[in-house]
Amino acid sequence: MTHYMNLNASPFEMIKCGVKTIELRLFDEKRQVLAVNDSIVFTMTDDPSQQITVKVKALHLFSSFEELYAELPLENCGYTKEELPAASYKDMEQYYSQEKQTKYGVVGIEIQLAN
């Protein structure tokens, strides 16, 4: 199955370069249908003509981003080595409220670029 998601320019480029291998999302209805070996087509929000396709390798489910940040390697989630000391699960609250995290849980979507 193929899924479609939007991404800001910075994480889009990090995935395209193979640096970011885990995409963080709310585990809402749209993400609950994801399965290992599915494809995701990411469209860059600033330039919809830019797209990349990835394959889902694994789904890492957690009750909150706080739990996810404690378990997953953040350098695979889009943080540079310089940003790691200041990385905080609260960074994700600009996208997903605490209430939505409590309602749905969160997912780290482990991906690899499609051939």
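Odds and ends about this structure:
- Selected residue (only one of Lys55, Lys20 is in contact (Cβ under 8 Å) with a residue 12 or more places away in the chain, closer than 16 Å to Gln112 by Cβ and either hydrophobic (A, V, I, L, M, F, W, C) or in contact with a helix residue (DSSP H, G or I) (Cβ under 7 Å, 6 or more places away or on another chain) (or both)): Lys20
- Of all the residues in region 80-109, those that are within 25 Å of Asn37 (Cα to Cα) and assigned to a loop (DSSP other than H, G, I, E, B) number 1.
- Of all the listed residues (Ser49, Ser64, Ser39), the sole one being touching a helix residue (DSSP H, G or I) at 6+ places or on another chain (Cβ under 7 Å), over 15 Å from Ser10 (Cα atoms) and of a type in the set (S, T, N, Q) is Ser64.
- Selected residue [within 18 Å of Leu68 (Cβ to Cβ) and surrounded by 13 or more Cβ atoms within 10 Å (Cβ to Cβ)] from Val41, Val56: Val56
- Meets criteria (under 22 Å from Tyr104 (Cα atoms) and either of a type in the set (Lys, Arg) or surrounded by fewer than 16 Cβ atoms within 10 Å (Cβ to Cβ) (or both)) for Val33: yes
- The set of residues in region 1-26 being outside any loop (DSSP other than H, G, I, E, B), more than 11 Å from the chain's Cα centre (by Cα) and surrounded by 13 or more Cβ atoms within 10 Å (Cβ to Cβ) consists of His3, Glu13, Met14, Lys16.
- Those residues of region 27-72 which are out of contact with any Asp or Glu (no Cβ under 6 Å at 6 or more places or on another chain), in a strand (DSSP E or B) and among the small types (Gly, Ala, Ser), in sequence order: Ser39
Read-outs: derived from the displayed coordinates by stated rules, not from any lab. Quantities reported herein were computed from a predicted structural model and do not represent experimental measurements. As a convention, Cβ positions derive from the backbone with ideal geometry for all residues, glycine included, and neighbour counts pool all protein chains shown.
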